[in-house]
Amino acid sequence: MGKQAGREPAARLSRRSFVGYVVGGTSLMVMADLALGASPASAVPIPSVPQIPELYDLNDFLVHCTLPTANHVGIRIDEQGDAHFALPRMEVGQGITTAVAMLIAEELDLPLDRVHVTLAPARPELLFNQLTGGSNTIISMYTPIRVAAAVARKALLEAAAIQLGALLTSLVAKGGVISAPDGSSVTYGDVATAAAAPTTRQVKVTLKAAAERTVVGTPQRRIDALDAVTGRKQFAMDIAVPDALPTMVCRAPDLNGTAKSIRNEAAVKAMAGVTHVAIIETGVAVRARTFGQCIDAVRALDVEWNAGPVAGKSAPDILKELRAAQLPLVVPKAGAATLDGDFVFHFRSGSALEPNCAIADVRADSATIWAGLKSPIDAQSKIAKILGLFQKQVSVNVVQGGGSFGRKLFSDGAIEAARASKAFGAPVKLMWHRADEPRQGRVHPMAVSRIRATVLLGSVISFEQRHTAVPTDFRHGLGERLTAEVSALPTGLGNLGFSETVFMLTQELPYNFGVITQLLNEPKPAPDRFNTSSVRNIYSPDVATANELMVDQLAKRLKQDPVAFRRSYLKSRVVKRVLNRAAELGEWGRAMPAGTAQGIAIHKEYKGATAVLVEIDCRPETVNRKVRDAVTGPRVTKAVVVIDAGVVINPLGIKAQMMGGFMDGMAQALTYGNHLVDGHFLEASWDNSAYTRQWNTPFDFQCEVLDSESKVPGGVGEAGVAASMAAVACAYARATGKMPTEFPINFHDPLHFEPKPFIPSVPQSPTDGLSYTS
Amino acid sequence: MTTHTFKLNGETVTVEVEDDVRILWVLRDVLGVTGPKYGCGINVCKACTSHINGKAFNPCSVPVGAIGADDEITTIEGLADTVDGDGLHPMQEAWLEHDVAQCGYCQPGQIMAAVALVNRVRAEDRAITEDDLDAIRNVCRCGTYSRIRDAVRTGAEMMG
Ligand code: FES
Ligand code: FES
């Protein structure tokens, strides 16, 4: 305890009073300590009965890990009076730049469009603070950002008081203008230079109370929306870096196979447009004038390959390994009182629409990288090591990414680009072919979940879950920090490996089911056999789906309605609120035709709770509906998502996240999976991977963000996936009368596609596009 | 290499490139027009959707040698100029109104596909149906699908 108390930031004065700094210099620059307001719940003793995440969850852990770095975030006010902030996080579509700009606009009394948020390049001194994961951004930056903005406002007001000859307390700041009672006024721009301080000084500020807010909590459109709809938004591959020519990699037929030799290097080098060909760690890289010519070269390469680490293995082999490694259940089987469930979750590709990509310019004594990265410091240090440079010789520029889903925590594209640029002695614009993404890219690990519940005298007295998964790769900069921090974790967590820690900190079964045990086992701890990552929501979608299906089974056993049953067993008020509202909005229990049904599920995580109600149509005429080259199947016709996300900064942003999470969870339940056959994944593009498309989208989608009773914002980047996947699975079970036990549900259907060849590793682009104009 | 001339966003352009290079790469890698995005290269994700002579097409699947000097290509960058006034195209306005974009990567293609859909439905003198919306093939990995449906309907109204 003493240790925790010592971590309490000294600058914290009261709930809304904090200290920040005006930084010495010629223009107005203000700073606040990143650790402000961060007080992880670990100061509370952990009794053995509640599950750990109830008191101390992954976000507390991430906040906790950022404390010792004690670094600063700064806001600069320019001579026009506009605010500039370089966010040490990555924007990958989750809307954090908008939310952060809103916080600044609020506290600074500046119009939103005059707050300019950019992404900071790698700052090694920030360590943990520069990791965008676990939906932690808003939770950990909420206070420091507001404090910095309030300091800036105060400095501007002080300068204005002198300039206007008025009393500080009589001034009113609004929309970037400061007015005195006599009607005279100055703009922020007028006093920005005067507000600068020759030397750094401390400033005490009081943050706005919730009732004074006019921006935070109001729906705001994304600040980059105009750029997105005009094509001006720049992704990594849109940046013009002189001489950085298109580069692609020819990959092994086996998952993680490597190149031994090239049999026709000279012939490929002589092809139109091609400038370079070289073996790198992950295959054979080619550089050409256009990506089209890279594709031609990749297809022409004749390469001798080394086998991959899972050569010859298929999904049933991995399933057998996982089953053999399942940890034993504690409660013995007790005849009719026992309910057992056994669920299988297949690999799923975590790939975004923008493929892995990066620009790299590697010179003898320096390297520059441009990429969408969630752990830029980790990328910087890895790349420096690979290139034999000092970390400070590598500059890493963070670019907005086209979606991430946990994949960009790794810097696969950037590392590969650095290797290729070094091998070629020339700058490269490296991009993965789409075919490489599901086949060689990061996947959500395959898992089995075994559940045993016991029902006695009309109530549930035990609920045990044994989740066994292919190891999730967490080697993206969390590791070192963890070793340092792990001893500070609440009782009993210190002995666990990192995956187990994350599992313990995120999984929580919010029901009063007597004895609850939830354990994770990851056998064969060699994370490089498969390329996994904490793809969206880490373990939660699978764990929640297994749990909620079993909860429905328990309700059935006790002859109770699924919603009534959940209501009586839920121990969390927050979860009950979202459940009740979803049931109400979605008209739970309304009469539905045979073959169609409602399903409902809840999930508690990220300091909030989600409930999802869906209606699904599993009638043959719907399941077999025809859309050209499409995977149709059961249709979710309606979805209602209700979330308690804590303090809401931008309700519109949260709703967008919930919609995205829903589309993801639904695909994971019904259609989206990777088939591991004979050492490689069959899926090679969007015609193979059946991710949600318009023909699967519910006709009616509603999302409601509840007024929270909580005082802190929750993370929302991933919160919607788990309950969505679970609700769709539960609805399917109720519509068909058969509880699904393997996911995606269509996994064993005959393949809807002819697998593309593995050699060459990428398909040629068609030439008949003009016959499909529409 | 061959010299190719065609119209792009209202201007005549000339490029030196091999006949078989797909138009997507001519636009992105040679001309630096980066609005159309790469998402598959095999005409299935529709991220590259642009217009040729007013109809939607996928430049990843058309070699530059297949088009001629009279062919007019419009990318997202040129869409606003296809309507009167100096603002955005009504479909882009609809996209802003519904705050459709998340990461934004798929959105240039989505908007170009939506405009073509509305034009097609209009030529058939009918309103947009759920089936029309179901038939939009563009992938959005961020899952903005419901907002796209709403925005297409709004955009159709605004297109008059
Ligand atoms: S890149 Fe053209 S359709 Fe996918
Ligand atoms: S907005 Fe990200 S792929 Fe559509």
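Count, for each residue of A:691-701, the Cβ atoms from other chains sitting within 10 Å of its Cβ, then give me the mean as a whole number.
Taking all residues of A:691-701 together, the mean is 6.
In whole Hz and in residue order, list the ³J(HN,Hα) couplings for region B:149-160 that follow from phi through the Karplus curve 6.51 cos²θ - 1.76 cosθ + 1.60, θ = phi - 60°; x for Gly and Pro.
4, 5, 5, 4, 5, 4, x, 4, 5, 5, 6, x
Taking all protein chains together and a probe of 1.4 Å, list A:Ile178, A:Ile223 from the most accessible to the least accessible.
From most exposed to least exposed: A:Ile223, A:Ile178.
Which loop trypsin sites (Lys or Arg not before Pro) in region A:591-693, with loop taken from DSSP, have no more than 12 other Cβ atoms within 10 angstrom of their Cβ?
On the way: sites: A:Lys604, A:Lys607, A:Arg625, A:Lys626, A:Arg628, A:Arg635, A:Lys638, A:Lys655, A:Arg693; in loops: A:Lys607, A:Arg625, A:Lys626, A:Arg628, A:Arg693.
Filter output for region A:591-693: A:Lys626, A:Arg628.
Provide Rg over Rh for region A:584-672; use the alpha carbon set for both Rg and the Kirkwood Rh (inverse mean inverse pair distance).
My calculation of the ratio gives 1.02.
Using only the Cα atoms, what convex hull volume per residue in Å³ does the protein assembly as shown have?
169 Å³
Among A:Lys556/A:Lys576; A:Lys655/A:Lys711; A:Lys385/B:Lys46; A:Lys429/B:Lys46, which pairs are too far apart, with a Cα-Cα distance over 29 Å?
Among A:Lys556/A:Lys576; A:Lys655/A:Lys711; A:Lys385/B:Lys46; A:Lys429/B:Lys46, the Cα-Cα distance tops 29 Å for A:Lys385/B:Lys46.
Need one number: nm distance between label points at A:His84 and A:Ser185, each 7 Å from Cα along Cα→Cβ, rounded to one decimal.
So the label points at A:His84 and A:Ser185 sit 2.6 nm apart.
Taking R0 as 51 Å, what FRET efficiency do you get between B:Thr82 and A:Leu457 from their Cβ-Cβ distance, rounded to the nearest 0.05?
Working: r = 72 Å, r/R0 = 1.41.
Using R0 = 51 Å, I get an efficiency of 0.10.
Take every residue in peptide B:56-63, count the Cβ atoms of other chains within 10 Å of its Cβ, and give the average of those counts.
6
With all protein chains present, calculate the accessible area of B:Trp25 using a 1.4 Å probe and round the result to the nearest 10 Å².
Accessible surface of B:Trp25 is approximately 0 Å².
Taking a temperature of 25 °C and a viscosity of 0.890 mPa s, what whole-number D in µm²/s does Stokes-Einstein yield for region A:673-746 with Rh from Kirkwood over alpha carbon pairs? Write down the numbers at each step before the final one.
On the way: Rh = 15.9 Å.
The Stokes-Einstein estimate is 154 µm²/s.
Could you name the aspartates and glutamates in cross-link range of A:Lys233, using Cα to Cα under 14 Å and dropping any fewer than eight places away on the same chain?
Straight-line reach from A:Lys233, under 14 Å: A:Glu91, A:Asp224, A:Glu354, B:Glu77.
How about A:Lys204: which aspartates and glutamates have a C-alpha closer than 15 Å to its C-alpha, ignoring those fewer than 8 places off in the same chain?
A:Asp33, A:Glu107, A:Glu158
How far apart, in nm, are two points set 7 Å out from the Cα along the Cα-to-Cβ line at A:Thr193 and at A:Val677?
7.1 nm
7 Å from Cα along Cα→Cβ at both B:Lys55 and A:Ala307: what's the point-to-point distance in nm?
The two pseudo-label positions are separated by 5.1 nm.
With equal scatterers on the alpha carbons only and no solvent term, can you work out the Debye log10 of I(q)/I(0) for region B:2-80 at 0.18, 0.19 1/Å?
-0.63, -0.71
List the GluC sites (Glu not before Pro) within region A:643-745 that fall in a DSSP loop (any state other than H, G, I, E or B) and whose Cβ has at most 10 other Cβ atoms within 10 Å.
Sites meeting the loop and neighbour criteria: A:Glu709.
Please work out whether chain B counts as rounded, prolate or oblate from its C-alpha gyration tensor, where a ≥ b ≥ c are the square roots of the eigenvalues and a/c under 1.5 means rounded, while otherwise a/b larger than b/c means prolate and anything else oblate?
prolate
Could you compute how fast region B:77-123 diffuses translationally, taking Rh as the Kirkwood radius over C-alpha pairs and applying Stokes-Einstein at 10 °C with viscosity 1.306 mPa s? Give it in µm² per second.
140 µm²/s
In peptide B:127-138, how many Cβ atoms from other protein chains are near each Cβ within 10 Å, on average?
Taking the mean over all residues of the peptide, I get 4.
Using a 1.4 angstrom probe with every protein chain in place, what is the largest-first accessible-area order of B:Thr34, A:Thr193, A:Thr545?
Numbers: B:Thr34 20, A:Thr193 75, A:Thr545 0 Å².
The ranking, largest first, comes out as A:Thr193, B:Thr34, A:Thr545.
Taking square-rooted eigenvalues a ≥ b ≥ c of the alpha carbon gyration tensor, is region A:281-394 rounded, prolate or oblate, where a/c under 1.5 means rounded and, failing that, a/b exceeding b/c means prolate?
Verdict is prolate for region A:281-394.
At 1.4 Å probe size, with no ligands or nucleic acids counted, give the accessible surface of A:Thr169 in Å², nearest ten.
120 Å²
Compare A:Ile280, A:Ile759 by solvent-accessible area with a 1.4 Å probe and give them largest first, with all protein chains kept in place. Before the final figure, lay out each step's value.
Values: A:Ile280 15, A:Ile759 110 Å².
Per-residue accessible area, sorted high to low, gives A:Ile759, A:Ile280.
Would you check the accessible area of A:His116, probe 1.4 Å, heavy atoms only, in square angstrom rounded to 10?
70 Å²
Starting from the Cα of A:Lys269, draw a straight line to each of the aspartates and glutamates and keep only those under 14 Å, dropping any in the same chain fewer than 8 residues away.
Within the straight-line cut-off, A:Lys269 pairs with A:Asp296, A:Asp302.
Does region B:83-158 come out rounded, prolate or oblate, given a ≥ b ≥ c as the square roots of the eigenvalues of its C-alpha gyration tensor, rounded meaning a/c under 1.5 and, failing that, prolate meaning a/b above b/c?
Oblate, because a/c is 1.5 or more while a/b does not exceed b/c.
The values are calculated or read from the model by the stated rules, or taken from the named source; none is laboratory data. Note that this is a predicted model, so its numbers are computed, not measured. Cβ: placed from backbone, ideal geometry, glycine included. Neighbour counts: every protein chain shown. The accessibility values were calculated without ligands, DNA or RNA, using every heavy atom of the protein model including side chains. Shrake-Rupley method; radii C 1.70, N 1.55, O 1.52, S 1.80 Å.
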